[in-house]
Amino acid sequence: NETNFGAYEDIPVQASGENIPPPVQTFAEIDLGHVLKQNIKRCKFLKPTPIQRHAIPIVIAGRDLMACAQTGSGKTAAFCFPIICGVLKDRLLLSIPGGSQVACPLALILAPTRELSCQIHEEAKKFAYRTGVKIVVAYGGTPISQQFRNIEKGVDILVATPGRLVDMIERARVSLRMIKYLALDEADRMLDMGFEPQIRKIVEKMDMPPPGTRQTMLFSATFPDEIQKLASDFLSDYVFLAVGRVGS
Ligand code: ADP
Ligand code: MG
């Protein structure tokens, strides 16, 4: 994909909000840590895409994010890099009770389909190589038992489709009380597929005190009323990024 990547170089990005952390030009400018930087090199990501240039510093600075961007703009790394980075730091601060039956991930990435959640999982594993950060995927349409076995081995970042995650929560095998980072990928597609009730149920489960300690990132190709409503319900003091031409 390096060959046709140049097409994205010049995509304009519009940022709006208060005190917006400035964009970077290179990965070297961002405090991602040594291992993550090695992995970026290994992935042959030479420089950040426009959305990555803007989004990564915003999330690293602790802000919520609403980003409208088309497919192929590099959203996965835009949310995975700061999440992996944050999880690495938080794991040192939080002592998570071991041996529990209930998995308590620190980060949750929601995606509409099995294919998309698997893609995110594969890519995130490359980014987190040798960091020790455990990433697990859970989606519907396959036996839940194998996925329970996967999360039992420990999970820092859970990538899931909304339906399967609700199922796991209801069976008390996953708890969202420790979630510090939430990313909703392709939110417009999730709503088109009728996942809004599940998404709302999931977000209700994760408000750990004190309020405002969770960081939320919402990604969508389009920005219709329903997505604007989600943004105002789930995000606080957020930066809005419009990458390229945004449809509604
Ligand atoms: P989106 O989720 O916005 O559709 P992806 O995150 O899947 O886009 O990225 C599209 C493709 O571009 C993927 O193959 C990904 O590995 C690649 N890619 C992402 N960021 C970079 C980068 N900074 N440099 C080179 N390739 C990249
Ligand atoms: Mg994507």
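The values are calculated or read from the model by the stated rules, or taken from the named source; none is laboratory data. The shown structure was predicted, so the numbers you read here are calculated from the model rather than taken from an experiment. No Cβ is skipped: glycine too gets one built from the backbone with ideal geometry, and neighbour counts run over all protein chains shown. These accessible areas exclude ligands, DNA and RNA; they are computed on the full protein's heavy atoms, side chains included. Shrake-Rupley method; radii C 1.70, N 1.55, O 1.52, S 1.80 Å.
Among helices (runs of 4 or more DSSP H) lying entirely in the stretch 17-123, which contain 2 or more residues that are polar (S, T, N, Q)? Working first, answer last.
Working: elements: 34-42, 50-60, 75-93.
Correct list: 34-42.
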Of all residues making up the stretch 187-201, the number that are open to solvent by 30 Å² or more (accessible area, probe 1.4 Å) and under 17 Å from V159 (Cβ atoms): 4
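Can you list the helices (runs of 4 or more DSSP H) lying wholly within the stretch 154-248 that have 2 or more residues being without any contact (Cβ under 8 Å) to a residue 24 or more places away in the chain? Before you say what the answer is, go through the steps one by one.
Working: elements: 162-170, 187-192, 196-204, 225-234.
Of the helices (runs of 4 or more DSSP H) lying wholly inside the stretch 154-248, those with at least 2 residues that are without any contact (Cβ under 8 Å) to a residue 24 or more places away in the chain span 196-204, 225-234.
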Can we say E204 is within 16 Å of ligand 2 (Cβ to nearest atom) and exposed (fewer than 15 other Cβ atoms within 10 Å of the Cβ)? no
